[in-house]
Amino acid sequence: MKTEALYQKIARTIAEQIQSETLQQGDKLPSIRSAQKLYNVSINTVKLAYLELESHSLIEPRPKSGYFVSQTSQRKLALPSVTRIKATEKKETAQDLVDKVFGTIANEDVTQFALGIPGKNFLPLAKLNKAIIKAVKDRDDSATSYEPVQGSEHLRREIAKWALVLEGKITEEDLVITSGAINAIYNGLMAVTKPGDAVAIETPAYFGVLRAIQLLGLRAIEVPTHPVLGVDLDALKEILPQVAACCFVTNFNNPMGFQMPDENKKELVRLITHYNVPLIEDDIYGNLFFGAERPKPCKYYDEAGLVMWCGSVSKSMAPGYRVGWVAPGQFKDKIIRQKIGQTVCSPSLFPDVIAHFLEHGRYDHHLRTFRQKLYANYLQIQRAVETYFPDNTKISQPKGGFMLWLELDKRICTEDLYEQALKQKMNFAPGRMFSQYNQYNNCMRLNYAMEWTDRVENDLKKLGTMVKNSI
């Protein structure tokens, strides 16, 4: 029998106090130093205990204030299941369904729960407009000249300065500007694979990555994924000798919203280094954290240059600008050569706008407000699902980002439910889109990066009623 570690005993004691409501929502926990004296243990043991509680969304850190019992600690619904793919499972793409959902992107009369795009009221539109005018005035060519293939030096320098989470481990020379994060991922895959190669991905996985893998003639291997801890590293270790690359979202995964613990990230980097397998790390949601600080990406622990760190402003500030980047490590030259063959260079104007926002602190200011709105919406949508959906609904507990993953009764087909919802001017992303196999048919992803209105609340109530009527 496995012995319970000391930090786990402390975490279990506090968890039991929360479950019995001895500790209630909003109550402050002892500081780390106070808890050290209280339990007569090391500071590191207390930190591990609090991390364990935080990983289960029972407590939350608040900047300069300490740890508190979280507002999600009394959640009523279970977590989604961990899916294990059968080796004999037949592959069936869901591209028609993806096309159908994306077909609603311009429908402003539809409540947009489906697509991972923040609502206009969440974006700094007026400030972006002013920055565009300034960027045009500051250039003597009105932004008509070609940029360097690697991308705007000004933008690369500002990204490197701003990426404090990497603690100076990248410079402007380490970055390549791309057309959004998906272009960065696509280039990363191209750089390290050839047709027929296998790529390890999470399951459920973002359908854009599934599509990129398919278009490049690659094979996706879906790795079992926990809704709180992320990729099952034991399962990954078994297949690493068979794969040419891994492609994971380690911070606030799409669609489940988990944040892989630092210890797991370190172990993931250790594994890929041991097997010499590149990791394409999609960190597009990393700045949209609900906790006290921005979580580190795997790139932080990478010494061999095997991690290709991808990001963009598409989910946080300007989706249509298509400004992204990649720090490709040892694969930089390949990525640059590929870019010459694809687009030659990035557009000139929008990188100037983003660089301006970064340089003058406007992006950080925007992110602080954006994160507050997202967290408030997360609490609202969790409450709405618990109120309006059946009691056997399973719900993810994202630590950041703006995606919520629901697992419904097995008798429900969310693809059929989608048609009913669209007739009532609302949509969602059916779970079938998030795998190359015929699974997650009873699941859905909801976007909550929108202004919370009576209509949004009522539409969730309607959706919950549809689910109940489908059982």
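The values are calculated or read from the model by the stated rules, or taken from the named source; none is laboratory data. Everything numeric in this text was worked out from a predicted model, so none of it was measured. Here Cβ is always computed from backbone atoms with ideal geometry, including for glycine, and neighbour counts include all displayed protein chains. For accessibility, only protein heavy atoms count, side chains too; no ligands or nucleic acids. Shrake-Rupley method; radii C 1.70, N 1.55, O 1.52, S 1.80 Å.
Report yes if E419 is acidic (D, E) and either at positive phi or in contact (Cβ under 8 Å) with a residue 12 or more places away in the chain (or both), otherwise no.
no
Restricting attention to region 214-237, and to residues there that are over 26 Å from M190 (Cβ atoms) and acidic (D, E), which single residue is most open to solvent (accessible area, probe 1.4 Å)?
The selected residue is D234.
Inspect all residues belonging to region 79-98 and state whether any of them is assigned to a helix (DSSP H, G or I), within 25 Å of E415 (Cβ to Cβ) and not aliphatic (A, V, I, L, M).
Yes, region 79-98 contains at least one residue that is assigned to a helix (DSSP H, G or I), within 25 Å of E415 (Cβ to Cβ) and not aliphatic (A, V, I, L, M).
Since H356 meets every condition but one in (1) under 27 Å from T83 (Cα atoms); (2) open to solvent by 10 Å² or more (accessible area, probe 1.4 Å), which condition does it not meet?
Going through (1) under 27 Å from T83 (Cα atoms); (2) open to solvent by 10 Å² or more (accessible area, probe 1.4 Å) one by one, H356 breaks only (1).
Hey, could you check region 26-69 for residues that are at pLDDT 85 or above and polar (S, T, N, Q) and say which is least open to solvent (accessible area, probe 1.4 Å)?
T45
Taking interchain pairs and intrachain pairs at least six residues apart, which have beta carbon atoms under 7 angstrom, with the first residue in region 223-240 and within 20 Å of G257 (Cβ to Cβ) and among the basic types (K, R) and the second open to solvent by 40 Å² or more (accessible area, probe 1.4 Å) and outside any strand (DSSP E or B)?
Pairs found: none.
Could you please tell me which pairs satisfy a Cβ distance under 6 Å, a separation of 6+ or placement on different chains, a first residue in region 331-344 that is within 13 Å of A184 (Cβ to Cβ), and a second residue that is of a type in the set (K, R) and open to solvent by less than 80 Å² (accessible area, probe 1.4 Å)?
No pair meets every condition.
List every residue pair whose Cβ atoms sit under 9 Å apart, with the two residues 6 or more apart in sequence or on different chains, where the first one lies in region 96-117 and is more than 18 Å from F434 (Cβ to Cβ) and the second, anywhere, is basic (K, R) and surrounded by fewer than 19 Cβ atoms within 10 Å (Cβ to Cβ).
Short answer, once both residue conditions are applied: N107/K425; D109/K425; V110/K425; T111/K425; T111/R455.
Taking region 313-330 as the region of interest, how many residues are touching a residue at least 12 places away in the same chain (Cβ under 8 Å), not aliphatic (A, V, I, L, M) and not in a loop (DSSP other than H, G, I, E, B)?
6
Scan (1) in a loop (DSSP other than H, G, I, E, B); (2) of a type outside the set (D, E, K, R); (3) on the phi < 0 side of the Ramachandran plot for the single condition F370 breaks and write down its number.
The number of the failed condition is (1).
Can you pull out the residues in region 212-231 that are part of a helix (DSSP H, G or I) and out of contact with any strand residue (DSSP E or B) (no Cβ under 9 Å at 6 or more places or on another chain)?
L215
Scan region 254-280 for residues that are buried (at least 24 other Cβ atoms within 10 Å of the Cβ), free of Cβ contacts under 8 Å to residues at least 60 places away in the same chain and either among the small types (G, A, S) or assigned to a loop (DSSP other than H, G, I, E, B) (or both) and jot them down.
Of everything in region 254-280, just one residue is buried (at least 24 other Cβ atoms within 10 Å of the Cβ), free of Cβ contacts under 8 Å to residues at least 60 places away in the same chain and either among the small types (G, A, S) or assigned to a loop (DSSP other than H, G, I, E, B) (or both), namely M260.
Out of all the residues in region 22-51, which are among the aliphatic types (A, V, I, L, M) and either in a loop (DSSP other than H, G, I, E, B) or farther than 14 Å from S65 by Cβ (or both)?
Once the filter is applied, which keeps residues that are among the aliphatic types (A, V, I, L, M) and either in a loop (DSSP other than H, G, I, E, B) or farther than 14 Å from S65 by Cβ (or both), region 22-51 yields L23, L29, A35, L38, V41, I43, V46, L48, A49, L51.
Just for helices (runs of 4 or more DSSP H) wholly inside region 102-211: which have at least 3 residues that are at pLDDT below 95, open to solvent by 60 Å² or more (accessible area, probe 1.4 Å) and within 30 Å of T453 (Cβ to Cβ)?
Result: 125-138.
Which residues, taken from region 238-253, are buried (at least 24 other Cβ atoms within 10 Å of the Cβ), hydrophobic (A, V, I, L, M, F, W, C) and not in a loop (DSSP other than H, G, I, E, B)?
Listed by number, the residues that qualify are C246, C247, F248.
Looking for whichever is closer than 28 Å to A245 by Cα and not hydrophobic (A, V, I, L, M, F, W, C) here; the options are T178, T144, T111. Which one fits?
On inspection, the qualifying residue turns out to be T178.
Has region 232-251 got any residue that is under 20 Å from C310 (Cα atoms), of a type in the set (F, W, Y) and touching a Lys or Arg at 6+ places or on another chain (Cβ under 9 Å)?
no
Of all residues in region 429-471 being among the hydrophobic types (A, V, I, L, M, F, W, C) and part of a strand (DSSP E or B), which is farthest from the chain's Cα centre (by Cα)?
Only one residue fits best here, namely C443.
So which residues in region 393-428 are part of a helix (DSSP H, G or I), among the polar types (S, T, N, Q) and touching a strand residue (DSSP E or B) at 6+ places or on another chain (Cβ under 6 Å)?
Matches in region 393-428: T414 only.
Please work out if Y388 is touching a helix residue (DSSP H, G or I) at 6+ places or on another chain (Cβ under 7 Å), of a type outside the set (S, T, N, Q) and open to solvent by 20 Å² or more (accessible area, probe 1.4 Å).
yes
Working only within region 294-307, note down all residues that are open to solvent by 20 Å² or more (accessible area, probe 1.4 Å), outside any helix (DSSP H, G or I) and in contact (Cβ under 8 Å) with a residue 60 or more places away in the chain.
Once the filter is applied, which keeps residues that are open to solvent by 20 Å² or more (accessible area, probe 1.4 Å), outside any helix (DSSP H, G or I) and in contact (Cβ under 8 Å) with a residue 60 or more places away in the chain, region 294-307 yields R294, K296.
One residue is enough: does region 73-90 have a residue meeting the conditions over 23 Å from M256 (Cβ atoms), modelled with pLDDT of 85 or more and open to solvent by 50 Å² or more (accessible area, probe 1.4 Å)?
No, that holds for no residue.
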